[in-house]
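The values are calculated or read from the model by the stated rules, or taken from the named source; none is laboratory data. Remember, predicted model here, so these are calculated numbers, not experimental data. Please note: Cβ atoms are built from the backbone with ideal geometry, for glycine as well, and neighbour counts cover all protein chains shown. Side chains included, ligands, DNA and RNA excluded: accessible areas come from the protein's heavy atoms. Shrake-Rupley method; radii C 1.70, N 1.55, O 1.52, S 1.80 Å.
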Amino acid sequence: MALQPIFRRAELLLGDEVMSSIGQKRVIIFGVGGVGSWCAESLVRSGITHLTIVDSDRVCITNINRQLMATSKTVGQVKVEALKERLLSINPQAEITALQQIFTAETADSFDIGSYDYITRRC
């Protein structure tokens, strides 16, 4: 599979085999606020193309100083939807799944955790 031009610099550093491997990894992030939003963008810019983002909140004005997708234009929007739009503007070929949910003991089974290579959550 041909690598997208946006990843050519990373390919020079990491090599074709590593970039191919990165592109196949599946990642889920629970919580896309002040840390998770920046993590999600870094992953997409690094070549991750299968990303699920999970957060139940909407963007509020107090998020603007620390959350990546929070701007005066996105206030009131669902956080994961606003972030998904931004991530797809970086890599339109990425598969971004946005879930407006909370991970709890009651909802845990709905996430199919076993299908992911990496799982991150806010502490």
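List of remarks:
- Between residue 88 and residue 25, the FRET efficiency from the beta-carbon distance, with R0 = 22 Å, is close to 0.75.
- Relative contact order for the stretch 1-105, counting Cα pairs under 8 Å that sit 6 or more residues apart, in percent: 26
- The stretch 71-123 versus the stretch 12-46: alpha-carbon centroid distance in Å: 13
- Carbon + sulfur, % of accessible area of the chain - ligands and nucleic acids excluded, 1.4 Å: 53
- Residue of 57, 112, 16 that the Gaussian network model of the chain assigns the largest fluctuation, springs spanning Cα pairs under 10 Å: 112
- Size check on the stretch 81-123: the Cα extents along the three principal axes, sorted descending, read 34, 21, 20 Å.
- Extent along principal axes [Cα atoms of the stretch 37-121; Å; largest to smallest]: 37, 31, 17
- Extension gain, residue 120 back to residue 58 (0.36 nm per residue minus Cα-Cα distance, nm): 20.3 nm
- A prolate overall shape is assigned to the stretch 1-48, the ratio a/c of its alpha-carbon gyration tensor axes (a ≥ b ≥ c) being 1.5 or greater and a/b exceeding b/c.
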